[in-house]
1. Could you grab the pairs with beta carbons closer than 8 Å, sequence gap of 6+ or different chains, first residue in segment 225-236 and on the phi < 0 side of the Ramachandran plot and assigned to a strand (DSSP E or B), second one hydrophobic (A, V, I, L, M, F, W, C) and open to solvent by 60 Å² or more (accessible area, probe 1.4 Å)?
2. Restricting attention to segment 114-145, report how many residues are among the small types (Gly, Ala, Ser) and either more than 30 Å from the chain's Cα centre (by Cα) or open to solvent by 40 Å² or more (accessible area, probe 1.4 Å) (or both).
3. Please verify whether Asn198 is open to solvent by less than 50 Å² (accessible area, probe 1.4 Å), of a type in the set (S, T, N, Q) and part of a loop (DSSP other than H, G, I, E, B), treating the condition exactly as stated.
4. Could you run through segment 74-103 and say how many residues are in a loop (DSSP other than H, G, I, E, B) and either out of contact with any strand residue (DSSP E or B) (no Cβ under 8 Å at 6 or more places or on another chain) or surrounded by 15 or more Cβ atoms within 10 Å (Cβ to Cβ) (or both)?
5. For segment 374-387, which positions are touching a strand residue (DSSP E or B) at 6+ places or on another chain (Cβ under 6 Å) and open to solvent by 10 Å² or more (accessible area, probe 1.4 Å)?
6. Looking at (1) exposed (fewer than 15 other Cβ atoms within 10 Å of the Cβ); (2) part of a helix (DSSP H, G or I); (3) in contact (Cβ under 8 Å) with a residue 60 or more places away in the chain, can you tell me which one Gln55 breaks?
7. Give segment 473-504 a look and list any residue that's assigned to a strand (DSSP E or B), of a type in the set (A, V, I, L, M, F, W, C) and open to solvent by less than 20 Å² (accessible area, probe 1.4 Å), or say none.
8. Within segment 237-257, how many residues turn out to be open to solvent by 20 Å² or more (accessible area, probe 1.4 Å), in a strand (DSSP E or B) and not β-branched (Val, Ile, Thr)?
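The values are calculated or read from the model by the stated rules, or taken from the named source; none is laboratory data. Keep in mind the model is a prediction, meaning the values are calculated, not measured. Don't worry about glycine lacking a Cβ; one is built from the backbone with ideal geometry, like all the others, and counts go over all protein chains shown. The accessibility values were calculated without ligands, DNA or RNA, using every heavy atom of the protein model including side chains. Shrake-Rupley method; radii C 1.70, N 1.55, O 1.52, S 1.80 Å.
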Amino acid sequence: MRLRNWIAVVVSVLLLAAAGVIGFLVNRSALRAADTVHRADSSALGTNNGTLTNQLQLNSALELVEVISEHVLHLARNSAADQQMLAAAAAKSATFQYGMMTADLNGDILTASRAEGLPSPDDPAWEPLRAQLKAGKPGFSNVMTVDGVALAAVAVPVMVGETPAGFLIGLNEVATTSLQTYLVRLAADTHQTVVVDNTGTVGAASDRTLIGTAVDPALKSSLGTSGVRFVEYDSGDTRMIAIVYGGLSSGWSYVRTQTKSSFDGPVHSRSQTLNLTLGAMLLIGVAGISVLGYRTQIQRRRADERFQALFQHAPDLVSVLDGRGRIIFSSPSAYSVLGFPTGALKGHTVFELLHPEDEPKMREQLTALLADPAGVLRLQCRARSAEGEYRWFDFTASNQMHNPSLEGVVINARDISENRAFQERLEHEAQHDPLTGLPNRRRMQDALGSTLRRDSVAVLFVDLDGFKPVNDAHGHEVGDELLRQVADRLSACVRSTDVLSRVGGDEFVVLMPGVTAGDAESMSGRLRYVLELPFRIAGQEILIGASIGVHLAPAAEDPDTALRAADHAMYAIKHAGGSRGAREDDGWVGRHRAAG
């Protein structure tokens, strides 16, 4: 009898030991899988935010390129004309209000918009900017401190033909840039986000007090490295982890730091609890098979609660589809993400939630995925919430039809509506004039080029007569309001198929596809008429006119040639007395713009 009891005890201990080992392995595997998904999502988030940061920095360089395209620089030392232009451009700039400078090919400063508060030319922070310019790229400096103000410089070459003749440099106060505004929006209690130069000095931060400080020395070796890296280090007695994205064109790096415990979240703490529970189960082997069964049920229940908590609080929506696209499982986060109660989506097809324009693409991709047993696809499309609003999601789908535990297609969906809207806003701002909201020169040239490939276009080049005296007499605020009212009047005249753009300070261009010379002349007269009517601004009546050059470009004509011809015609009218001369002489003649 004792032998049987000992055998039963030994068997119970062995069974418990086997179950315990299996439990440890399962828990470790689940923890690794959760860590892998979490790190992959964190890496994607770091890449996305790093890419947006890179675009914001490149947009600042594009702003300098537009200044060069709209103005003529003499590149002479202490040039009064250059100083006046630089001061005006800096005042209008959204990024470089601190100041602008010109430099020769050796990097020596020629002319600056301000006389004081300029960085020393011997500051080592200039070195990366000079190296990037030498490599034929836009240049970005490290952070420089002048009179207690943290600054950064951006530079682009000034080209004469195909050869650089000097450089235009913009200085921005890093605490007031659009990049700093973007990082403040990313602020959270659980982490800090900074953008640092290649020396580790903070140039933008979700916490403004960090600007100008240095990151932890443990992170410096990872700065500037292409792609995303996870760096673990100790800050005092606290274990930290950082996501470092060093693929920025400026040589700077995006860094997000938080405590290791907050990064790991509740999964690791629950895993440790489970391991302790399994250890205790091994110590009570004498309780026999019944205790083993009881402990196994406790283990399963806790595992279910752990994974249920993960799904309940995860920011992503996880669903499982059958072969026809019907939802057979949807995580509880469907309520927080889309507003649907738990289980409400079961039995519906995923196509019912998609935007009609995105449904064909999803059907095509899902069919291709089902044909590949190991297939994984990723795409972005719009899904409908419970309130009927369509939001943008990043879908990652994996074919798990062969997995007996799932037997379906597993979809992970992340709401990217805010990032998508931010990207679209950046694209709009890059192609529109910030003062009037009209398309800018780049947008107009794209429209002219595409239209001329298939149709003739009447190009009307409008230059305001008397705008500079208004600006000088009443100030820039009145001048800006006058330009906005001019844009409103011109917009009311053009057809829905026409393109109206602002291409310079007081210059506008109207593109009229597929019209006759008579139509173009009628439009020119209508524009002159509305612009000669009095403008009412700040209680004052202001009168101006307009010189309008017209060129009827046949299909396939070079866009630059067409624009120059309209510009020449406008200039001839302006020399003949402006809008008054245009009424006395209907002839169209050309001119060449003088440089200098």
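1. none
2. Looking only at that region, the number is 6.
3. The answer is no for Asn198.
4. Matching residues across segment 74-103 total 9.
5. Result: Val376, Leu377, Arg378, Leu379, Gln380, Arg382, Arg384.
6. Result: Gln55 passes all but (1).
7. Looking only at segment 473-504, we keep the residues that are assigned to a strand (DSSP E or B), and these are 499-502.
Filter again for of a type in the set (A, V, I, L, M, F, W, C), leaving 499-500.
Leu500 - this is the single residue of segment 473-504 that is assigned to a strand (DSSP E or B), of a type in the set (A, V, I, L, M, F, W, C) and open to solvent by less than 20 Å² (accessible area, probe 1.4 Å).
8. 4
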